[in-house]
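Here the structure is laid out as structure tokens; the discussion comes afterwards.
The values are calculated or read from the model by the stated rules, or taken from the named source; none is laboratory data. As the structure is a computational prediction, the values presented were derived from the model and not from experiment. Every residue, glycine as well, gets a Cβ built from its backbone with ideal geometry; the counts of neighbours run over all protein chains shown. Areas reflect the complete protein model, heavy atoms only, side chains present, ligands, DNA and RNA absent. Shrake-Rupley method; radii C 1.70, N 1.55, O 1.52, S 1.80 Å.
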Amino acid sequence: MHDREVREALHRKLLKEYQNDTNTLVLDELGLRHGTCRVDIAVVNGYLHGYEIKSDADTLQRLPGQVSLYCAVLDRATLVVGEKHAEKARAYLPDWWGVEVATEGPHGGIEFDTVQLYKTNPAIDPVALAELLWAPEAAEILRRLGTAESFLRKPRAALYRYLAQVVELKELRDLVLQALKSRARWRGQRPPSSDACS
């Protein structure tokens with residue numbers, strides 16, 4: 001099994017319910033911390049749920065760093081891992097991460113076994129969350145809050161830090177999710193499909 005095969009099966013099976021949900025955005029390769037790393041699949045609705053895929057063909061070399069970055073931003077996270085790495089990979093994960101083990105079924109298809117249910121992240125970093133916004137989006141939110149135009153011309157890092165200071169985490173999270181879903185078109189966005197098995 002390779003990453004691409006697991007990803008396609010994940011979209012067809014575990015994420016099938018979101019395909020025609022107008023309140024949910026499903027993205028391949030969502031960048032975090034200005035592209036420092038990318039979540040393999042992100043589901044954006046009332047939560048930001050990231051799925052990291054480690055097939056049997058992958059290594060776990062990058063996993064600790066990815067986990068650290070995901071923990072700063074995501075509400076929920078699930079590791080989708082091949083049997084080869086399943087036991088070792090779990091040692092890198094906080095207890096709120098979900099774990100799905102991907103195996104090849106008797107007819108060659110990929111099946112998923114839930115070995116750990118995901119929970120909610122107890123410690124999101126507000127600045128890292130704000131960095132999911134594009135600079136104009138952050139500026140517009142601050143403008144609506146009455147921030148001086150002179151401040152809005154500062155570098156984006158200053159806007160993110162200030163936004164994280166003046167907006168409570170729950171409201172900031174809602175604003176970020178709304179902004180993500182409002183963007184006209186994403187690289188890696190999966191268009192709704194009328195055929196759930198396509």
Q: Being open to solvent by 10 Å² or more (accessible area, probe 1.4 Å) and within 16 Å of the chain's Cα centre (by Cα) is the filter here, so list the residues in the range 68-85 that pass it.
A: 68, 69, 71, 72, 76
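Within the range 50-85, how many residues are of a type in the set (Val, Ile, Thr), farther than 24 Å from residue 170 by Cβ and either in a helix (DSSP H, G or I) or without any contact (Cβ under 8 Å) to a residue 60 or more places away in the chain (or both)?
We begin by selecting, within the range 50-85, every residue of a type in the set (Val, Ile, Thr); these are 53, 59, 67, 73, 78, 80-81.
Subsequent filtering for residues that are farther than 24 Å from residue 170 by Cβ retains 53, 59, 80-81.
Right, trim to either in a helix (DSSP H, G or I) or without any contact (Cβ under 8 Å) to a residue 60 or more places away in the chain (or both) and you get 53, 59, 81.
Summing the residues that are of a type in the set (Val, Ile, Thr), farther than 24 Å from residue 170 by Cβ and either in a helix (DSSP H, G or I) or without any contact (Cβ under 8 Å) to a residue 60 or more places away in the chain (or both) in the range 50-85 gives 3.
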Q: Please list, ordered by first then second residue, the pairs with beta carbon atoms under 7 Å, 6 or more apart or interchain, first in the range 154-175 and under 11 Å from residue 138 (Cβ atoms) and open to solvent by 50 Å² or more (accessible area, probe 1.4 Å), second among the aliphatic types (A, V, I, L, M) and part of a helix (DSSP H, G or I).
A: 156/135; 156/138; 161/127; 162/142
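What tally of residues in the range 123-133 results from selecting those that are in a loop (DSSP other than H, G, I, E, B) and either crowded, with 20+ Cβ neighbours inside 10 Å or more than 16 Å from the chain's Cα centre (by Cα) (or both)? Give the derivation first.
If we filter the range 123-133 for residues that are in a loop (DSSP other than H, G, I, E, B), which is where we start, we get 123-125, 131-133.
Checking which are either crowded, with 20+ Cβ neighbours inside 10 Å or more than 16 Å from the chain's Cα centre (by Cα) (or both) leaves us with 131-133.
The qualifying residues number 3.
Checking the conditions here, which among 51, 70 is hydroxyl-bearing (Ser, Thr, Tyr) and either over 25 Å from residue 176 (Cα atoms) or touching a Gly at 6+ places or on another chain (Cβ under 7 Å) (or both)? Write out each step before concluding.
On the way: 51 fails: either over 25 Å from residue 176 (Cα atoms) or touching a Gly at 6+ places or on another chain (Cβ under 7 Å) (or both).
Only one candidate passes the filter, namely 70.
Before we move on, is residue 157 modelled with pLDDT of 95 or more, part of a helix (DSSP H, G or I), of a type outside the set (Asp, Glu) and within 30 Å of residue 15 (Cβ to Cβ)?
Criteria not met by residue 157.
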(Q) If I go through the range 9-44 residue by residue, how many of them are within 25 Å of residue 103 (Cα to Cα), in contact (Cβ under 8 Å) with a residue 60 or more places away in the chain and open to solvent by 10 Å² or more (accessible area, probe 1.4 Å)? (A) 9
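Please work out which residue is modelled with the highest pLDDT, limiting yourself to the range 86-111 and to residues that are in a strand (DSSP E or B) and open to solvent by 60 Å² or more (accessible area, probe 1.4 Å). Quick ask: steps written out before the conclusion?
Narrowing the range 86-111 to residues in a strand (DSSP E or B): 98-104, 110-111.
Retained after the next criterion (residues that are open to solvent by 60 Å² or more (accessible area, probe 1.4 Å)): 104, 111.
Working: 104: 87, 111: 93.
Of everything passing the filter in the range 86-111, 111 is modelled with the highest pLDDT.
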Q: Would you check which residues across the range 1-39 are touching an Asp or Glu at 6+ places or on another chain (Cβ under 9 Å) and within 19 Å of residue 176 (Cα to Cα) and list them?
A: 24, 28, 29, 30, 32, 33, 34, 38, 39
